[in-house]
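This report concerns only the one structure given below.
The values are calculated or read from the model by the stated rules, or taken from the named source; none is laboratory data. For clarity, every value in this text was computed on a predicted model and none was experimentally measured. All Cβ positions, glycine included, derive from the backbone under ideal geometry; neighbour counts span all protein chains shown. In case anyone asks, the SASA skips ligands and DNA or RNA and just uses the protein heavy atoms, side chains included. Shrake-Rupley method; radii C 1.70, N 1.55, O 1.52, S 1.80 Å.
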Amino acid sequence: MKKTIKKILLLTFAAVALWSCSSDDSNVRSDDFENGIVLAADITTNVIFNGNLDGNLNANLEYRDAENGVLLDKLDVFITYLDRTEDAGNSENAITEEVLLRTIEDTSFSNGENDFPVHNLVITTEDFLSITNNTLDGIATGDQYLTRFEVTLTDGRVFSINNIGSNGGLISVFNVVTSVE
């Protein structure tokens, strides 16, 4: 009887906890980041397939700052190839240092459903391979591509993974790892 009551209480607690969560994805209020920015990524696809060009990184990026998004100047997108399978594939000519893939100007962002600037970022397998001087024969299951974002504001401040601790509690996704499967 005690075990049954414990199970019922546990299930009731789990149900209350599950349904008490808010459906609002945003847990950031503009007064929480007076000195920084937030870059949120809603990733819909994030895979490269070994042997074909069908995969990609597809992410909806939402930018926020204390001025409701008006401080955005540009977003730089950097790529680094991580050869995790040195014994597989022929990636000897691949660039393994970080390289700039593209710059997304503030004018490429549109007003999103939360009234903040949004941009749909798509990086194809061809983009990953081309920017790192790699080929389909050079990648293997287990290899990875690291995508890093760097945001420049109109006042000259720059935010990325390298400076999140010194900018007023920055809360953002600045690195995305795309794996070869």
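Test ASN120 against the criterion of being not aliphatic (A, V, I, L, M) and not in a strand (DSSP E or B), and give yes or no.
Considered against the rule, which asks whether it is not aliphatic (A, V, I, L, M) and not in a strand (DSSP E or B), ASN120 comes out as no.
Is it true that some residue in the stretch 45-65 is open to solvent by 40 Å² or more (accessible area, probe 1.4 Å), polar (S, T, N, Q), in contact (Cβ under 8 Å) with a residue 40 or more places away in the chain and over 30 Å from ALA140 (Cα atoms)?
Scanning the stretch 45-65 turns up no residue that is open to solvent by 40 Å² or more (accessible area, probe 1.4 Å), polar (S, T, N, Q), in contact (Cβ under 8 Å) with a residue 40 or more places away in the chain and over 30 Å from ALA140 (Cα atoms).
If you check every pair at least six apart or on different chains, which have Cβ atoms under 6 Å apart with a residue in the stretch 116-132 that is over 8 Å from ASN56 (Cβ atoms) first and a residue that is among the small types (Gly, Ala, Ser) and buried (at least 21 other Cβ atoms within 10 Å of the Cβ) second?
PHE116/GLY69; PRO117/GLY69; LEU121/ALA59
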